[in-house]
1. Consider residue 59 carefully, then state whether it is at pLDDT 85 or above and either aromatic (Phe, Trp, Tyr) or open to solvent by 90 Å² or more (accessible area, probe 1.4 Å) (or both).
2. Within the set of pairs 6 or more residues apart or between chains, which connect a residue that is on the phi < 0 side of the Ramachandran plot and charged (D, E, K, R) inside region 32-59 to a residue that is in a loop (DSSP other than H, G, I, E, B) and open to solvent by 90 Å² or more (accessible area, probe 1.4 Å) with Cβ atoms less than 6 Å apart?
3. Where the second residue is open to solvent by less than 10 Å² (accessible area, probe 1.4 Å) and outside any strand (DSSP E or B) and the first is under 25 Å from residue 89 (Cα atoms) and of a type in the set (Phe, Trp, Tyr) and lies in region 1-13, which pairs have Cβ atoms under 8 Å and are six or more apart or on separate chains?
4. Does region 65-78 include one or more residues that are at pLDDT 90 or above and either buried (at least 16 other Cβ atoms within 10 Å of the Cβ) or of a type in the set (A, V, I, L, M) (or both)?
5. Being touching a Gly at 6+ places or on another chain (Cβ under 9 Å), closer than 26 Å to residue 4 by Cα and at pLDDT below 90 is the requirement here; does residue 25 meet it?
6. Of 83, 18, 3, which residue is among the small types (Gly, Ala, Ser), open to solvent by 60 Å² or more (accessible area, probe 1.4 Å) and at pLDDT 85 or above?
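The values are calculated or read from the model by the stated rules, or taken from the named source; none is laboratory data. Because the structure is a prediction, the values reported are computed rather than measured. Reconstructed Cβ throughout: ideal geometry from the backbone, glycine too, with neighbour counts over all protein chains shown. Calculation scope for accessible area: heavy atoms of the full protein, side chains included, ligands and nucleic acids excluded. Shrake-Rupley method; radii C 1.70, N 1.55, O 1.52, S 1.80 Å.
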Amino acid sequence: VEGIVRKNMPFGLFIDIGGARDALAPNSCLEKDAGDYTMGEKLEFTVIGTDISKNSVTVKQKGVDGGGAVDDGRLTLASLTIGQRLTGIVRSVKDYGAFVDIG
């Protein structure tokens, strides 16, 4: 689907895909850092998830594999293992845990 960048957040982009709500494109589903996109930019996306109870849609940018990384040798979700140590940036801390950007 074609989408238009509506809002840039530390965790990803909100994309207008023509629905009642904007879709979320998490950082792990983008070809470059969210901060490198501009409001109003038109891009191609693939819908990878919907949650009717939350009225949400998740999309990934074309060129990003299903594991959550660009097809350029970067880290993929499928390559992660329990106990694996990685370097990351803590993006936020909540009562239930921390969100860490590992690339």
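1. Here the answer is no, as residue 59 does not meet what is asked.
2. 44/62
3. Filtered contacts from region 1-13: 11/34.
4. Scanning region 65-78, I find no residue that is at pLDDT 90 or above and either buried (at least 16 other Cβ atoms within 10 Å of the Cβ) or of a type in the set (A, V, I, L, M) (or both), so the answer is no.
5. no
6. Going through 83, 18, 3 in turn, just one is among the small types (Gly, Ala, Ser), open to solvent by 60 Å² or more (accessible area, probe 1.4 Å) and at pLDDT 85 or above: 18.
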